[in-house]
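Every number in this text was worked out from the coordinates using simple rules, so none of it is lab data. Keep in mind that this is a model prediction, so the values were computed, not measured. Every residue, glycine as well, gets a Cβ built from its backbone with ideal geometry; the counts of neighbours run over all protein chains shown.
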Amino acid sequence: MFSFKSFLKALVFLFSLLIIIIIFSGISYFVIDKVQTKNNLMDIEEYSPISTLVVPQNPSKKSKYPFVDVHSHHWDMPISDLSGLVNEMDSLNMGYMINLSGSGFATFSGNQTLMDLNLSKSLENVKENYPNRFGIFVNLDLNKIDNDDFAKSSVEILENGVKEGAIGLKIYKNLGLNLKDSKGVRVSIDDKRLSPIWEACGNLKIPVLIHSGEPSPFFDPIDKYNERWLHARQKPRSFRPSDKYPSFETVMQEQFNMFKNHPNTIFINAHMGWMANNLDELEKHLDSLPNVYTEIGAVIGELGRQPRRARQFFIDYQDRVMFGKDTYKKSEFDVYFRVLESKDEYFDYYRKRHGLWKMYGLNLPDEVLKKLYFKNALKLFPSIDKKLFD
């Protein structure tokens, strides 16, 4: 019969065993660490060699010409004191910033009232303080795609947003990846239920900036051959395994179909359509779709490792590309300026997981830089004050 005394003995035994395991694990970790240190072994995240290469260094904290950042996110714009942000913009030579997250985090709440309030307050804050320095995009809740009034209400939201001052529509990457309808079926980017939205944007003469998919390595097996392996280690949720997500090719084809089916709507394919590592493909894309522009947010690392090819691309497609940064962080803009403007060689990107390679300057011609920095954006957004770029 199992007695209380037996229970205590068992408890003491288990506790003692746990202590032994903890001690053994600690000793093992200490020994392994010492062996690695002795043999000069380290994790790839620790390895940060200082280059001995002697080459010209011309980093710049300020762009050569004033620029429009067409891809930024500021979730607190309804309540934020914008003066500090404007001071940082001035120091970077940023004339104008577009906040794509006009409806804020409420976009993911499913509460249209909160989305509308967030957009109105963002626009109000800008109008009252810095009306010529910021543009705001409206967002839509696509989870309601099966509602009987989805098309009608979505168009009304767009119309009301434009009346209040919104200058475009931003579509998030959940479309085509994990957005599902009421039957649990993935909503494709070219789903016909969304067509009234794209047509409305064309009628309203506002562009649609859409982020579709992820970089192609995010869909590949996470192994020693994947050049984004470190990214997978640090941010595993960014990756899209084939058992849960469509292929990269499927997402890109759906996006292409959508662009092709709505030629009267201007689309901005975010992040160079995740084709910055395959500029031949991006050129075919742009050649086939005269209604599509693109921007360089979050892909400067791809461009900086192929300076000759990328330079030629910017020259050949100088009327179709705009400046974008995506995540706003003042200290990271200098890498963009250095890649685009300088002749520098072999310098670092600001985030190792985005690519274990060095960067090189494209030394773009002045006229190409002006189009990239502001002229192309002024064509798409006529409400921007042109005097900011004189």
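A few points about this structure:
- Principal-axis tilt of helix 112-129 within the chain, Cα atoms, nearest 10 degrees: 60 degrees
- Measuring between their Cα centroids, region 303-327 and region 237-259 lie 24 Å from each other.
- Cα-based reach from LYS235 at 16 Å (exclusive), listing lysines while leaving out same-chain residues under 8 positions away: LYS352
- Cα-based helix-to-principal-axis angle, 279-288 vs the chain, degrees rounded to 10: 40 degrees
- Binned Cα-Cα distance frequencies in the chain - 10 Å width, integer %: 4, 20, 28, 23, 11, 7, 5, 2, 0, 0
- Among ILE20, ILE315, ILE136, the residue with the largest mean-square fluctuation in a Gaussian network model of the chain, with springs joining Cα atoms closer than 10 Å, is ILE20.
- Calculated over region 165-260: convex hull of Cα atoms, volume per residue (Å³): 125 Å³
- Max mean-square fluctuation residue, GNM over the chain, Cα-Cα springs under 10 Å, options LEU177, LEU117, LEU340: LEU117
- Multiplying the residue separation of LYS260 and ASN87 by 0.36 nm and removing their Cα-Cα distance gives an extension gain of 58.2 nm.
- Antiparallel DSSP beta bridges within the chain, as percent of all bridges there, nearest 5: 10 percent
- Only the Cβ atoms of Lys and Arg (+1) and of Asp and Glu (-1) were treated as charged; on that basis the dipole of the chain about its Cα centre amounts to roughly 900 debye.
- Size-normalised alpha-carbon gyration radius of region 187-311, reference 2.2 N^0.38 Å: 1.13
- Sites LYS205 and LEU41 - FRET efficiency at Förster radius 56 Å, r taken between beta-carbons, to 0.05: 0.40
- Counted by Cβ distance under 10 Å from ASP334, the other residues give a net charge of +3, where Lys and Arg count +1 and Asp and Glu count -1.
- For a straight C-alpha distance cut-off of 25 angstrom, the lysines reachable from LYS379 (same-chain residues fewer than eight places away being disregarded) are LYS62, LYS64, LYS127, LYS163, LYS170, LYS205, LYS260, LYS284, LYS325, LYS370, LYS371, LYS387.
- From least to most packed, judged by other beta carbons within 10 angstrom and beginning with the fewest, PHE219, PHE105 follow the order PHE105, PHE219.
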